[in-house]
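One structure is given here, and the rest of the page talks about it.
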Amino acid sequence: MRPKQREDKVYRSRRHKVIAGVCGGIAERMGWSPNLVRLLFVLSCILPGPQFIIYLLMWIFIRKAPVTGSPTAPYYQ
């Protein structure tokens, strides 16, 4: 008997997005505050590196979260 597998996918958030939902999706996956992930991203931009390129690649390759609920639900997007 196989143990129940956990959903390990990261999706771009539909509820917690400012630009593309990448930081919001990471926050939802990790169980963190979306504002904390955004702050960490902005602080990481102080250091040299390809942060913006990685963000753009994640924007392109990570799918949006599946739609749940009905069109009349308050958070339907």
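For the stretch 3-55, the spread of Cα coordinates along the three principal axes comes to 42, 22, 17 Å, biggest extent given first. For the pair residue 30 and residue 47 in one chain, pulling the backbone fully straight at 0.36 nm per residue adds 3.8 nm over the alpha carbon distance. Counted residue by residue at 0.36 nm each, then reduced by the alpha carbon distance between them, the extension gain from residue 59 to residue 18 reaches 13.5 nm.
Taking θ as phi - 60° and the Karplus parameters 6.51, -1.76 and 1.60, the scalar couplings of the stretch 45-50 work out to 6, 5, 7, x, x, x Hz in sequence order, x denoting glycine and proline.
In this structure, the amide hydrogen of residue 12, modeled 1.01 Å from its nitrogen in the peptide plane, lies closer than 5 angstrom to those of 63, 64, 65, counting only residues at least 5 positions away or on a different chain.
A short reminder: the numbers here are calculations on the coordinates, not readings from a lab. Computed from a predicted model, the values in this text were never measured in an experiment.
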